[in-house]
């Protein structure tokens, strides 16, 4: 098919060196799009950094020119947002861009995003002086690799063919007319890729005098062929139209119980991950709010989930709470050795208040009143934090026990929890004769 | 004891307020990569946003967002310093292409991976120089639960109105701490829309009027060719080296922020008559400062409080306030006083002192001490 009047390229000369394969790619793209009857306004060309990237001004389609190596990721966003296979997204990228952005190529192929990637593989970085890319074949010389590469370059077609998801992968020699192959790639649903082999007239030819492109390809062990041609499901962006708000008035907590709290109260729970510290803290927070108070709960834990300490600082106040930290809590409950280590600094600074501490631990020097109780022994490790908050409320009567029970009983934890056993355990006197601290009999 | 009926309260954290506010404002898509302490924003968006994408890395996340934004969709992400560092080149691209988007930066203790579960205010110095060449990247800082609700919307509006990426600056505790929140504080959130060019003349992608913000059309438009480029470009979006038209276009990127800043200026100023001392604070430390000021006033001390929320670009209005005082105290949770240096430079100023620290929230007591020091 002979070209009609140009529809996709301007009449100006293309901005590339004489003899550069990039010229052929641009011309063949024009022809391929004409073959398929595309309207230029239905084509988005996304270009990378490198000589090929200055083609934008020559195209009459929509054009987006981004960063080095990122064109496929950028095109992924365009494609997923348009969510319309009638809009053709084409990516022009070099071998350098494909090197730095390999993850994006694999990801786009893997997910089947609608696009055709045309790799302009001239086996070196042409824009910056002819440095090698990861596509530079063994023995191929460049200005900064005068003795030739030692390792064979990436075989991008094999790599992408190995990714389940690509609908079309082919390598071709970028000479004469390859518009039908481009048209075949453009017409595929989902992700298609064409690697066009070229030789850079400025650096490739000069560094490898007399060497023909076909010979370079042969020496590199690269096969000119179609690697993948199949029907795959292209990516479809889910756009939800119905939502539930993250919160609503029906979630509001109504005041059901009185509280005699006159000044802000700060409670700190310190235990181990997996022993219910954060859940216990939320029960106290919600119970306080049910009792007409304002509340905050700040959690602290190490980076890894389920390991090490877990601590929570709860503030309850009848006034607005501004600062949410608790450098000087009124009460600290310590239920494990991890929790004790975390609490040490705070305990050392306390000028009063109470420390409820598991009887298996030894309280450090503190001005807080120390009260031992066998939370772990009587409740088990997993329930030690829950035991500690009920114990705390029994001792402080900050708000009615019914308030905490009403919150606790709404939770699924309550279903497998023996409350009678807990209250019996909490009311049973405890005398600890095992440690040499001053003992408190409860 | 009688039960005093209080107004109905919700228990929530900042992440829920931010995401619900953005969703009601019309944000289209959340593109995320997991990182502590930003993960609640990720999971809440999955539930609440029209579209959600789990990107394979932070560079992809920002690039996908740019792609969405070129088509007229409004994208949001949330990250912390390590992820933001990877996003930085792409943020510059979005800035150059003039692509609206919101990046929620949840600060944690650095350097490097630092302590992922420990809050901080350590990224402002990075943000002030984030755009190569001395350009302003807008940064809006939340300093309360109410701000999470209102300023998220306002930050999105700023991004759309000025066609720019905007950073919503938060920290671990502002996102993760649970708190009671009165329902009456949930003001109505209006839907924001990106207006599209509808003129009869051929669309010129970077041509502007007196607002200095170009009209917008999405790529894929049926009638007009649309061009975006991250390289220096003329009004048509064609790459140029340093032509006058192209450099004027680049300079405009800063001028549009300066010119329109007054429409996006958010701060709280609690000036007390007769006070000689001004306390300045933002973000998580603002709550400690509010408490310090309350305590000081109860003790009969006179002190004023400025909480800037549009942190960058720095508004001249802040200096108008600062000039009224003989003593300035700036409290922020980083090692060397990043906003203090942005306001007063490395050389500093004799009347200015800082309350700084890392690895724990700055306490009202420490702020009080510096405010009262001679």
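Seen against the Cα atoms of chain B and their longest principal axis, helix B:284-298 is set at about 30 degrees. Among beta bridges identified by DSSP and lying wholly in region A:21-229, the antiparallel ones come to about 15 percent.
With neighbour counts taken as other beta-carbon atoms within 10 Å, the residues B:87, A:102 rank, fewest first, as A:102, B:87. Across peptide B:225-234, the mean count of Cβ atoms from other chains lying within 10 Å of each residue's own Cβ comes to 6. Relative protection proxy for A:326-333, A:31-38, B:333-340, B:203-210, from highest mean packing down: A:326-333, B:333-340, A:31-38, B:203-210 (other beta-carbon atoms within 10 angstrom). Less than 12 Å from a label point 7 Å out along the Cα-to-Cβ axis of residue B:224: which backbone N atoms in region B:191-206 qualify, by residue? Counting only backbone N, you get B:195-206. Equivalent ellipsoid of chain A: semi-axes from √(5λ) of the C-alpha gyration tensor, largest first, are 71, 26, 18 Å.
Mean projected area of the Cα convex hull of region B:300-347, taken over all directions, amounts to 4.3 nm². For region B:9-185, averaging the sequence separation of C-alpha pairs within contact (under 8 Å, six or more residues apart) and dividing by the residue count gives a relative contact order of 30 percent. If I take R0 = 60 Å and measure r between the Cβ atoms of residue B:299 and residue A:145 in this structure, what FRET efficiency does the formula 1/(1 + (r/R0)^6) give, to the nearest 0.05? Calculated transfer efficiency: 0.25. Considering only Cα atoms, the convex hull volume of region B:249-365 works out to 117 Å³ per residue. Over region A:21-229, one equal point on each Cα, no solvent: what is log10 I(q)/I(0) by the Debye formula at q = 0.17 Å⁻¹? The Debye formula, applied to the Cα set alone, gives -1.12.
Among B:352, B:293, B:166, which one shows the highest mean-square fluctuation when chain B is modelled as a Gaussian network with alpha-carbon springs under 10 Å? The residue with the greatest mean-square fluctuation here is B:352.
From largest to smallest, what semi-axes in whole angstrom does region B:114-181 give when each is the square root of 5 times an eigenvalue of its alpha carbon gyration tensor? Output for region B:114-181: semi-axes of 23, 18, 7 Å. With the simple spin-label model, which puts each label point 7 Å out from Cα in the Cβ direction, the residue B:317 to residue A:10 separation comes to 4.4 nm. Where in region A:68-98 does the amide nitrogen come within less than 15 Å of the point 7 Å from the Cα of residue A:189, taken along Cα to Cβ? It comes to A:83-87, nothing else.
In plain terms, the bigger the Kirkwood radius, the slower the diffusion; for region A:203-362, with that radius from Cα pairs, at 10 °C and 1.306 mPa s, Stokes-Einstein puts D at 75 µm²/s. If R0 is taken as 45 Å, the Cβ-Cβ distance between residue B:263 and residue A:86 corresponds to a FRET efficiency of 0.70. Convex hull volume per residue, computed on the Cα atoms of region B:167-289, equals 237 Å³. Among beta bridges identified by DSSP and lying wholly in the protein assembly as shown, the antiparallel ones come to about 35 percent.
Size check on the protein assembly as shown: the Cα extents along the three principal axes, sorted descending, read 98, 59, 52 Å.
I need the semi-axes of the equivalent ellipsoid of chain B: take the C-alpha gyration tensor, multiply each eigenvalue by 5, square-root it, list largest first in whole angstrom. Ellipsoid half-lengths, sorted descending, are 36, 25, 19 Å. If the chain linking residue A:414 and residue A:319 were pulled fully straight, counting 0.36 nm for each residue of separation and taking away their Cα-Cα distance, it would gain 31.1 nm. Would you please classify the overall shape of region B:1-112 from the alpha carbon gyration tensor, given that a ≥ b ≥ c denote the square roots of the eigenvalues, rounded means a/c under 1.5, and beyond that prolate means a/b larger than b/c while oblate covers the rest? Prolate, since a/c reaches 1.5 and a/b exceeds b/c.
Per-residue shielding of B:53-65, expressed as the average number of other chain Cβ atoms within 10 Å of the residue Cβ, stands at 6. Per residue of A:79-86, other chain Cβ atoms within 10 Å of the residue Cβ number 5 on average. To the nearest 10 degrees, how steeply does helix A:277-290 sit against the main Cα axis of chain A, on a 0 to 90 scale? Roughly 70 degrees between the two axes. Computed on region A:276-385, the Cα convex hull volume stands at 107 Å³ per residue. If you take the square roots of the eigenvalues of the alpha-carbon gyration tensor of region A:136-179 and sort them as a ≥ b ≥ c, do you get rounded (a/c under 1.5), prolate (a/b over b/c) or oblate? Taking the square roots of the gyration eigenvalues as a ≥ b ≥ c, region A:136-179 is oblate.
How big is the antiparallel share of DSSP beta bridges in chain A, given as a percent to the nearest 5? Rounded to the nearest five, the antiparallel share is 35 percent.
Axis angle, to the nearest 10 degrees, between helix A:71-82 and the longest C-alpha principal axis of chain A: 70 degrees.
The simple spin-label model puts a point 7 Å past each Cα toward its Cβ; for residue B:193 and residue A:162 those points are separated by 5.0 nm. The fraction of Cα-Cα pairs per 5 angstrom bin, counted from 0 for region A:330-442, comes to 2, 11, 22, 23, 21, 12, 6, 2, 0 percent, rounded to whole percents. Can you work out the PRE-style zone for residue A:229? Point 7 Å along Cα to Cβ, and I want the residues of region A:3-36 with backbone N under 18 Å. Output list for this probe position: A:32-33, A:35-36.
Report D for region B:9-185 in µm² per second (integer): Stokes-Einstein, Kirkwood Rh on Cα pairs, 4 °C, 1.567 mPa s. Using the Kirkwood radius from Cα pairs, D works out to 82 µm²/s. Distance between the pseudo-spin-label points of residue B:245 and residue A:110 (7 Å out from Cα toward the beta carbon): 4.3 nm.
Bear in mind that the values in this text are calculations on the coordinates, not laboratory data. Please read all numbers here as calculations on a predicted model, not as lab measurements. Quick reminder, even Gly has a Cβ in these numbers, built from the backbone with ideal geometry, and neighbours come from all protein chains shown.
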